[in-house]
1. Would you confirm whether any residue within the stretch B:171-182 is touching a Gly at 6+ places or on another chain (Cβ under 8 Å), at pLDDT 95 or above and away from chain A (no Cβ under 14 Å)?
2. Is the stretch A:338-353 home to any residue that is without any contact (Cβ under 8 Å) to a residue 60 or more places away in the chain, acidic (Asp, Glu) and open to solvent by 10 Å² or more (accessible area, probe 1.4 Å)?
3. Here is a check on your reading of the model: is residue A:230 among the β-branched types (Val, Ile, Thr), open to solvent by less than 10 Å² (accessible area, probe 1.4 Å) and more than 22 Å from residue A:121 (Cα to Cα)?
4. Would you confirm, using the coordinates I've provided, whether residue A:356 is in contact with a helix residue (DSSP H, G or I) (Cβ under 9 Å, 6 or more places away or on another chain), of a type in the set (Gly, Ala, Ser) and open to solvent by less than 20 Å² (accessible area, probe 1.4 Å)?
5. Please go through the stretch A:367-384 and pick out each residue that is touching a residue at least 60 places away in the same chain (Cβ under 8 Å), within 20 Å of residue A:28 (Cβ to Cβ) and of a type outside the set (Phe, Trp, Tyr).
6. For the stretch B:278-304, what are the residues that are on the phi > 0 side of the Ramachandran plot and more than 14 Å from chain A (Cβ to nearest Cβ)?
7. Kindly indicate which of A:92, A:66, A:24, A:43 is outside any helix (DSSP H, G or I), surrounded by 22 or more Cβ atoms within 10 Å (Cβ to Cβ) and in contact (Cβ under 8 Å) with a residue 24 or more places away in the chain.
8. Taking into account only those residues within the stretch B:369-380 that are open to solvent by less than 20 Å² (accessible area, probe 1.4 Å) and among the polar types (S, T, N, Q), which is farthest from the other protein chains (Cβ to nearest Cβ)?
Protein chains: 2
Amino acid sequence: MSSTAPLLTTAEGRAELLKCYRDGLLEDTLRFWFPRCVDAEHGGFLHCVDRDGTVVDTDKSVWAQGRMSWMLLSLYNGYEARPEWLAWAKGGIDFLERHCYDTDGRMFFHVTRDGRPIRKRRYAYSEAFTAIAHAAYARATGSEESMAKAIWLFEHFTRWNFTPGLMPPKSTDVRPMIGLAPRMIAIVTAQELRDCFGMEPRFQEWIFRCINEIDRLFVKRDLGVVMESVRPDGGIEDHFDGRLLNPGHAIEGAWFILREAAFQNSGWLVRLGCQMLDCMWERGWDAEHGGLFYFRDLHNRPVQEYWHEMKFWWPHNEAIIATMLAYVLTGDVKYARWHQQVHDWAHRHFADPEHGEWFGYLNRDGRPSSTLKGNLWKSCFHHPRMQCCCWGLLERFQNTNLQDPNTR
Amino acid sequence: MSSTAPLLTTAEGRAELLKCYRDGLLEDTLRFWFPRCVDAEHGGFLHCVDRDGTVVDTDKSVWAQGRMSWMLLSLYNGYEARPEWLAWAKGGIDFLERHCYDTDGRMFFHVTRDGRPIRKRRYAYSEAFTAIAHAAYARATGSEESMAKAIWLFEHFTRWNFTPGLMPPKSTDVRPMIGLAPRMIAIVTAQELRDCFGMEPRFQEWIFRCINEIDRLFVKRDLGVVMESVRPDGGIEDHFDGRLLNPGHAIEGAWFILREAAFQNSGWLVRLGCQMLDCMWERGWDAEHGGLFYFRDLHNRPVQEYWHEMKFWWPHNEAIIATMLAYVLTGDVKYARWHQQVHDWAHRHFADPEHGEWFGYLNRDGRPSSTLKGNLWKSCFHHPRMQCCCWGLLERFQNTNLQDPNTR
């Protein structure tokens, strides 16, 4: 076998990758964050940090509190029941319960260190990320209270996002649009709750409804694209916002669907997820400098958002998972090559060997644009989730020889 | 005199600059936009355009309709009464009056080509830019209706921005903040209305109130900085948003104050404007690549906004005006050197000799990040305003030999 064979295609390569993801998660990413991000005084996590872990803002993202609690609990449930992981996660959940709900039952988005509210947003992603934290906590401890809370938050999230007229609109009703994002988050939240609570019909229903809507309204096979926003009937609005593509986001959606494909053992879902990955890899990969562009335009016209050509950390995390899953599910060596390509580029450019973790924001050419390791958007979530998912996949498939369907 | 003497310091240099700004405005910028941006079908201007003027979005910014009408009328009033400039401006104003007001009297922010509303924002800058368009139209034509409308919009803008509790807040009341922006826009809007309607006390009052608030609350001499947002008592919030500096914006504010200094013949205002320019030039100029950074952090910590190190066109327009005005008012050759520095960098990197006008968005190193010449934020405004202001200043001071106070 040639020395340039992608690591995923050989047993030695897979062992090397497994070690890279596992050690990266346990020795690098978790050590960067914990225990120093745990706020012993007010509870929760201080996650707005510079390159070396110095706190640059004591404010707290509600998303981050839920996501980081979930991450710790996923490791506790799936890898090893370390008591400190449970304790830190409980601190995050307690902070959420004590401080992060408005009087109308909806959650805030941004709070002070001691939990006073700064901002509530129109949408309800805080609720989705708190739901998965409670679900994983219920699984870890058997807490019926957390189980009930997770289901209540999931119901709230789906009701808020999918009941027409409930969420206050950003725009007038002149040009109604629906988004890929709430459908993706509904799928992954239902998948997490199903992992914790079993096959309830409500989880299956939301997963199928949202996958069907993505397939029917957002995936445009004739144009080779997954849209980020469309008219309620799937029509395309030929304006800046309507043409906007977010390749990393669509690729994240692709792996949520490939994960479902593996769960359901469904060839149709494998094909859908791979179609989404194929076309958005094509749209997103920067042939000149490598890495995934943040935004593209449907018709390759200029994008209005200033940071469109920057390279953000999370699309690369999502693409590493998506390409690995696609390879595992299809055996197509193309995906092993893509996996190698994005794995190598991302580790070369985002990693910070001096202080650990990844930088969040690179210029198009791969130079860091900022030393931030955490802010209201970046915390201990996408990167360790990728390391955890890929480690888990490799544990299951380490000794499987996948046959390339192209040579079958 | 050395051949490297800044152009502003010699009569030949000033003649060369005058020609550059005048011809740039009349032969390049206006020809890029007009007449092709005039929407013969629906009225107003189609301003979302690519490098060669191709329309990439037919939606209309309400700001752009008012700003472009004002720009045409400023030239009509100040330079030459060309009938087409008046007609195009009237088309912009008619579009605003027909389509851009909500039933509560407030204006929209973003409308479709045929004037159906897409988005209304919390703040009231649409009203300020429509006010200056009406004021310049009243000056051009004697229209009493436009005069009344301009004054009504100015009163609405100031009431909306400065009456506590009137504007719906973005955040909770846990951390109240006030901004530099509404004070700057109040000053420049009042200055424009005063130019058109004369010295009414209400204009003077708003100009003085806002300059005093900027001096007292936003300019921090001990820190060498003009803050973008502060607590209502001028205190600094040590968080991402509270530390955020926008050098180009503060430099724009500096020249609004220097313009007032010239009008009032006030040494105190010259000192204030120059202090603002001095410290924010220091904060904003990129010593490595040249040009002005978009955002900086008060304590040089990392900035949360992704595009912080990009170079946007408008801060460079504002800095060219501010440095020229500072030189004219003080004779300090430092400002002539800074003017040369930003004039040269900006013309070298933003100009598009092939199709005219300036690109809007460059990477830190000066390479264009986008081919857009217009979008919801960029239209025919900052760049021609700079060309017009600098041309006018040079006409007045072309043959004046300013003595450098450092050598007096």
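The values are calculated or read from the model by the stated rules, or taken from the named source; none is laboratory data. Please read these numbers as outputs of a predicted model, since none were measured by experiment. Methodologically, a virtual Cβ is constructed for each residue, glycine included, from the backbone with ideal geometry; neighbour enumeration extends over all protein chains shown. Heads up: the accessible areas ignore ligands, DNA and RNA and are worked out on the full protein's heavy atoms, side chains in. Shrake-Rupley method; radii C 1.70, N 1.55, O 1.52, S 1.80 Å.
1. There is at least one residue in the stretch B:171-182 that is touching a Gly at 6+ places or on another chain (Cβ under 8 Å), at pLDDT 95 or above and away from chain A (no Cβ under 14 Å).
2. Within the stretch A:338-353, one or more residues are without any contact (Cβ under 8 Å) to a residue 60 or more places away in the chain, acidic (Asp, Glu) and open to solvent by 10 Å² or more (accessible area, probe 1.4 Å).
3. Values: among the β-branched types (Val, Ile, Thr): yes; open to solvent by less than 10 Å² (accessible area, probe 1.4 Å): yes; more than 22 Å from residue A:121 (Cα to Cα): no.
Here the answer is no, as residue A:230 does not meet what is asked.
4. Values: in contact with a helix residue (DSSP H, G or I) (Cβ under 9 Å, 6 or more places away or on another chain): yes; of a type in the set (Gly, Ala, Ser): yes; open to solvent by less than 20 Å² (accessible area, probe 1.4 Å): yes.
Against the criterion (in contact with a helix residue (DSSP H, G or I) (Cβ under 9 Å, 6 or more places away or on another chain), of a type in the set (Gly, Ala, Ser) and open to solvent by less than 20 Å² (accessible area, probe 1.4 Å)), residue A:356 qualifies.
5. First, pick out the residues of the stretch A:367-384 that are touching a residue at least 60 places away in the same chain (Cβ under 8 Å): A:371-384.
Then drop every residue that is not within 20 Å of residue A:28 (Cβ to Cβ), which leaves A:371-375, A:378-384.
If the condition is that a residue be touching a residue at least 60 places away in the same chain (Cβ under 8 Å), within 20 Å of residue A:28 (Cβ to Cβ) and of a type outside the set (Phe, Trp, Tyr), then A:371, A:372, A:373, A:374, A:375, A:378, A:379, A:380, A:382, A:383, A:384 are the ones that fit.
6. Quick first cut of the stretch B:278-304, residues on the phi > 0 side of the Ramachandran plot only: B:290-291, B:300.
Once the filter is applied, which keeps residues that are on the phi > 0 side of the Ramachandran plot and more than 14 Å from chain A (Cβ to nearest Cβ), the stretch B:278-304 yields B:290, B:291.
7. Values: A:92 fails: outside any helix (DSSP H, G or I); A:66 fails: outside any helix (DSSP H, G or I); A:24 fails: outside any helix (DSSP H, G or I).
Only one candidate passes the filter, namely A:43.
8. B:379
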